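Accompanying notes for the structure given below.
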Amino acid sequence: MPFKAFRTATLVSLLAVLAGCNMVVMNPSGDVAARQASLILWSTGLMLLIIVPVIAFTLFFAWRYRASNKDATYDPEWNHSTHLEVLIWTAPLMIIIALGAMTWLFTHLLDPYRPLDRIDAATPVTEETPTLDVQVVALDWKWMFIYPELGIATVNELAAPVDTPINFRLTSSSIMNAFYVPALSGMIYAMPGMQTRLHAVINSEGVYNGFSANYSGSGFSNMHFQFLGLSNEDFEAWVERVRAEGQPLDRARYLEVEQPSELEPVHYYSSVEDGLYRSIVNMCAEAGRMCADEMMHIDMQGGAGVDSVHNLERLIYDGNRSHGETAGYGPSGYAGAGSEESEAPGATFPATDRPARSDEPAPGTSGSPGEAPPEDGAPEAPEDDDASPAPDQLNN
């Protein structure tokens, strides 16, 4: 009796804990997320068609052919049954085929890059259906949302009218992140120097949670934002409030916002400088940086060879401006070529006055440590054919 009471109390406690769980993933408010939840249920159900009978028959046979059951037929010579073989192999094969077909179908239907073909099960998307474009930038450790058609931007607050397809374009300022609003759609990565896409729609008004689903540093746990599903009238009022309360967002202000911060409050921006998002994607928001698409265009044309040496300083992207002092690029994150701050952390002779770490000369140099380079300033060609290419081959 005491054990039965303990078991009942345990079950009641467990149900009480589960009652507080947020089941938004399985009960979302957006059509894309709803179809993803349906896919989870269907896949689980198909797998249970095998799992449940196997467990049931395992328990049945263990009970039926227990040692104490003298009525069970004992046949130590039995080794084959065609009927059992057909059942054992056919059922799993059919389920695997069904799961494969479902996976192929939904992989294409729910492709985040694929524009929506419906708003909900009863409402298709037509040419007259209005859409909303949103450019998303993952910062350290906050989210920036730019509305290019409306000319506004926000930090840590995203809003959209219900039953309106949303076309997201996502990137990151410094490190890979993951954009996730469980009520809206699945997770999508945001990466520096790249752009990903996501298409989604919200079907019910409300306030939903969004966050980063990929660890990105010390402020990751506080990288949350609110997603507002609004009626058309409320969304228009929200846009007007952003324009009235916000301030202009140009590149200089963006570079300030880009600096790492945690628990950042909501910010509104009444206007956005033209081309700002493009410069963020191409890692050239800071003045003087060469945009990545410009470099790709040069490479597409065959490279600029030695004539591109002056571009080296403009092509330093790997040192986050926000973490410049720890990344070896000086307080600004980028140091001029030839300065002490631009020098690699392990640099030795002949680029610096520090002694070499070994007696072996570095590739592309001659002599022993401390020996002066050739008078013309150009290092001698290495004798080893496998030596690393010279820096001026960067753009070839």
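Anything in segment 118-149 that is out of contact with any strand residue (DSSP E or B) (no Cβ under 6 Å at 6 or more places or on another chain) and acidic (Asp, Glu)? List them, or say none.
Passing the criteria: Asp120, Glu127, Glu128, Asp140.
Mind counting the residues in segment 272-302 that are among the charged types (D, E, K, R) and in a helix (DSSP H, G or I)?
4
If we scan segment 150-159, do we find a residue that is open to solvent by 10 Å² or more (accessible area, probe 1.4 Å) and β-branched (Val, Ile, Thr)?
No, segment 150-159 has no match at all.
Against the definition (open to solvent by 70 Å² or more (accessible area, probe 1.4 Å), acidic (Asp, Glu) and part of a loop (DSSP other than H, G, I, E, B)), how does Glu240 come out, yes or no?
no
Please specify each residue of segment 116-130 satisfying the condition of being open to solvent by less than 90 Å² (accessible area, probe 1.4 Å) and over 16 Å from Ser29 (Cα atoms).
Asp117, Pro124, Val125, Thr126, Thr129, Pro130
Output yes when any residue across segment 167-179 is under 19 Å from Ala237 (Cβ atoms) and either assigned to a loop (DSSP other than H, G, I, E, B) or open to solvent by less than 10 Å² (accessible area, probe 1.4 Å) (or both), and no when none is.
no
Of all residues in segment 196-212, count the ones that are assigned to a loop (DSSP other than H, G, I, E, B) and either free of Cβ contacts under 8 Å to residues at least 24 places away in the same chain or crowded, with 18+ Cβ neighbours inside 10 Å (or both).
3
The values are calculated or read from the model by the stated rules, or taken from the named source; none is laboratory data. Everything numeric in this text was worked out from a predicted model, so none of it was measured. We place every Cβ from the backbone using ideal geometry, glycine too, and count neighbours over all the protein chains shown. For the accessible areas, the whole protein counts, side chains as well, though only heavy atoms, and no ligand, DNA or RNA atoms are used. Shrake-Rupley method; radii C 1.70, N 1.55, O 1.52, S 1.80 Å.
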